[in-house]
């Protein structure tokens, strides 16, 4: 089973 | 006042077809640099970044920065009324809550304008820094689309691995598993048929095929696609939009539970 990462875990909000 | 005239209007039609499956509503931003958009899918797993540089338009007037919220399905409905050879002009007045799409046939014998209501959209803008990627694969976009489609009939996820041997796309599902290896191939008749692999170090990442398949809706825009990979970073799948810009899709990886 794989967990899906989200983009906010890599990039900050502006 | 905003006025953008795009002689090759079919590019805008293709851009909308490329992104409307992934994103429902988005803000189109206009500035002196160009016409751009950044939007995430509803689950915040994938992001699309579009840039059409101002120099690529025959006429580009943008008196001040403007953000126009649009429902992409509605934009697509409007643009489908433009002929493939039509010149498309976008017009908006300052403070207006509408945008006008004007379609001119190549010999100017038919001129249509479609006015669409704008909407207020709360969207988060992510800051995506320029990154050095461990591996960059450039390949024919139709080949990449075919691979994603084929693998999604077997499994839900794709493992993309880049080694000295080439780039491997793998999946597994209830009925079995599949591996497709593409080797570097530069001995082709046309440059757009080449597969070029630039690897700093081997990388292997897992992604949901559903999103990859959605990205391949951009295939009609460009003969080639560039896939940039780094360990523990989202993949970037880029399609050039003629010589005026790009669509980049970012997709967060999956990790073993």
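Nothing in this text is a laboratory measurement; each read-out follows from the coordinates by a stated rule. Owing to the predicted nature of the structure, the values given are computational and were not obtained by experimental measurement.
Among B:158, B:235, B:203, the largest mean-square fluctuation in a Gaussian network model of chain B (Cα springs under 10 Å) belongs to B:203. As a ratio to 2.2 N^0.38 Å, the alpha-carbon radius of gyration computed for the protein assembly as shown takes the value 1.06. Averaging Cα coordinates gives a centre for region B:52-131 and one for region B:196-245; these two points are 26 Å apart.
Pairs of alpha-carbon atoms within less than 8 angstrom and 6+ residues apart define the contacts here; what relative contact order does chain B have, in percent? So the answer I get is 21 percent.
Result for chain B in a Gaussian network model with C-alpha springs under 10 Å: among B:113, B:122, B:97, the largest mean-square fluctuation is at B:122.
Put simply, the Cα atoms of region B:150-223 extend 39, 30, 20 Å along their principal axes, the longest span coming first. Across all Cα atoms of region B:5-73, the radius of gyration (one decimal) and Dmax (whole number) stand at 12.3, 37 Å. Would you look at the GNM of chain B, springs on alpha carbons closer than 10 Å, and say which of B:72, B:52, B:233 moves the most? In this elastic network of chain B, the residue with the biggest mean-square fluctuation among B:72, B:52, B:233 is B:233. If the segment from residue B:74 to residue B:189 were pulled out straight at 0.36 nm per residue, it would be longer than the present Cα-Cα gap by 37.3 nm. Based on Cα contacts under 8 Å between residues 6+ apart, region B:71-202 shows a relative contact order of 18 percent.
Over the Cα atoms of chain B, each weighted equally, I'd like the Debye log10 I(q)/I(0) at q = 0.13 Å⁻¹, rounded to two decimals. One equal scatterer on each Cα of chain B leads to -0.86.
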